[in-house]
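To start, the structure under review is shown below, and the notes come after it.
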Amino acid sequence: MKGNFSIKNSIARSWKVKDGRRCVQTTNTGESLPGKEGRTCFTYDKVFDEHASTKEVFDESARDIINSFVNGISGTIIAYGQTGCGKTYTMQGKGSLKDGALGNAGVIHMSIKALFEGLAQQHSSIFLLRATVIEVYNEEIRDLLLPSDEQRKVTTRYDSKAGIGMDATENFVTDYSSMIDLFSLADENRSVRKTGMNDRSSRSHTIYKITLEKKQVDDSDGAEMIQISTMNLVDLAGSDRVMKKTGIQDDTQKEGSNINKR
């Protein structure tokens, strides 16, 4: 896993993982002297340091979510953080998403592979998989599976029973390769821009959505049961301090303001 976790400002800071990789402890001096430790401590379900690989992160924090998805439980995997900290690298590997499929795979590749491995073990079930990719850019939802900017704007609708829906493209996928090809197409249509911290900073929140319909037949009475679950793989845009660190302005400053809206 790639990441830049150092905080560079007027006060030097350092951090270290403690307590069986469940706590991050920081100091305000950058030193490791006993009297200076413990200024701030943050506790999480799991913490990975700079030596952890993307595969290790996936195996320990995401694989169970994919296994549950195969068994009908919806889930979401999100990468969040400042521009340049390694979110996109962690999610799609080195280079583009297509490059990651050839080596240095990311969480998206590992999730899709684990999905089809899990489906292969469900011998008594029939599956249907659909995929959608959208981005939220400057408060506008875009369909990344459509060829031109003019066609990409997505409208949302509300249904009292079904909730909020949108008219985004859904494509059927049958195997690992077809899903990677589809997601790679969407990756090429993402909104990115060079900033002072990143040559290819994601300027939008990107959501790779997979819908799984699973039909099972009860051997005892022949009754059919259909389960529908969804998996969202989310690469959020960089959480920027708009001007100071990224050196961005004009349209990119507007992007940064929208990215950081709460």
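The values are calculated or read from the model by the stated rules, or taken from the named source; none is laboratory data. This is a predicted model, so every value here is computed, not measured. Reconstructed Cβ throughout: ideal geometry from the backbone, glycine too, with neighbour counts over all protein chains shown.
Which of the following residues is farther than 27 Å from residue 25 by Cα and not charged (D, E, K, R): 61, 53, 96?
Working: 61 fails: farther than 27 Å from residue 25 by Cα; 53 fails: farther than 27 Å from residue 25 by Cα.
Checking each option against the conditions leaves just 96.
Give the residue, chosen from 74, 124, 96, that is in contact with a strand residue (DSSP E or B) (Cβ under 6 Å, 6 or more places away or on another chain) and surrounded by fewer than 17 Cβ atoms within 10 Å (Cβ to Cβ). First the steps, then the outcome.
Numbers: 124 fails: in contact with a strand residue (DSSP E or B) (Cβ under 6 Å, 6 or more places away or on another chain); 96 fails: in contact with a strand residue (DSSP E or B) (Cβ under 6 Å, 6 or more places away or on another chain).
When all the criteria are applied, what remains is 74.
Mind telling me which of the residues 81, 163, 86, 103 ends up being touching a strand residue (DSSP E or B) at 6+ places or on another chain (Cβ under 9 Å), surrounded by fewer than 21 Cβ atoms within 10 Å (Cβ to Cβ), of a type outside the set (A, V, I, L, M) and modelled with pLDDT under 90?
Going through 81, 163, 86, 103 in turn, just one is touching a strand residue (DSSP E or B) at 6+ places or on another chain (Cβ under 9 Å), surrounded by fewer than 21 Cβ atoms within 10 Å (Cβ to Cβ), of a type outside the set (A, V, I, L, M) and modelled with pLDDT under 90: 86.
Of 49, 59, 45, which residue is within 26 Å of residue 20 (Cβ to Cβ) and touching a residue at least 24 places away in the same chain (Cβ under 8 Å)? It would help to see each step written out before you state the result.
Details: 59 fails: touching a residue at least 24 places away in the same chain (Cβ under 8 Å); 45 fails: touching a residue at least 24 places away in the same chain (Cβ under 8 Å).
49 is the lone residue from the list that is within 26 Å of residue 20 (Cβ to Cβ) and touching a residue at least 24 places away in the same chain (Cβ under 8 Å).
Per-residue answers, yes or no, for (1) in contact with a helix residue (DSSP H, G or I) (Cβ under 9 Å, 6 or more places away or on another chain); (2) surrounded by fewer than 16 Cβ atoms within 10 Å (Cβ to Cβ); (3) more than 23 Å from residue 83 (Cα to Cα); (4) at pLDDT 75 or above:
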position: 10; (1), (2), (3), (4): no, yes, no, no
position: 14; (1), (2), (3), (4): no, no, no, no
position: 18; (1), (2), (3), (4): no, yes, yes, yes
position: 36; (1), (2), (3), (4): no, yes, yes, no
position: 39; (1), (2), (3), (4): no, yes, yes, no
position: 42; (1), (2), (3), (4): no, yes, no, yes
position: 57; (1), (2), (3), (4): yes, no, no, yes
position: 60; (1), (2), (3), (4): no, yes, yes, yes
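If you go through segment 44-55, how many residues are surrounded by fewer than 18 Cβ atoms within 10 Å (Cβ to Cβ) and polar (S, T, N, Q)?
1
Which residues, counting only those in segment 60-100, are in a helix (DSSP H, G or I), within 26 Å of residue 213 (Cβ to Cβ) and over 16 Å from the mean Cα position of the chain (by Cα)?
67, 68, 70
Would you point out which residue out of 178, 148 is assigned by TED's automatic domain parsing to the domain that holds residue 206, exposed (fewer than 12 other Cβ atoms within 10 Å of the Cβ) and either within 30 Å of residue 54 (Cβ to Cβ) or small (Gly, Ala, Ser) (or both)? I'd like the intermediate steps shown before the answer.
Numbers: 178 fails: exposed (fewer than 12 other Cβ atoms within 10 Å of the Cβ).
Sole residue among the options that is assigned by TED's automatic domain parsing to the domain that holds residue 206, exposed (fewer than 12 other Cβ atoms within 10 Å of the Cβ) and either within 30 Å of residue 54 (Cβ to Cβ) or small (Gly, Ala, Ser) (or both): 148.
Residues are listed down the side, and each one gets a yes or a no for (1) surrounded by 12 or more Cβ atoms within 10 Å (Cβ to Cβ); (2) over 19 Å from the mean Cα position of the chain (by Cα):
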position: 107; (1), (2): yes, no
position: 116; (1), (2): yes, no
position: 130; (1), (2): yes, no
position: 138; (1), (2): yes, no
position: 141; (1), (2): yes, no
position: 156; (1), (2): no, yes
position: 171; (1), (2): yes, yes
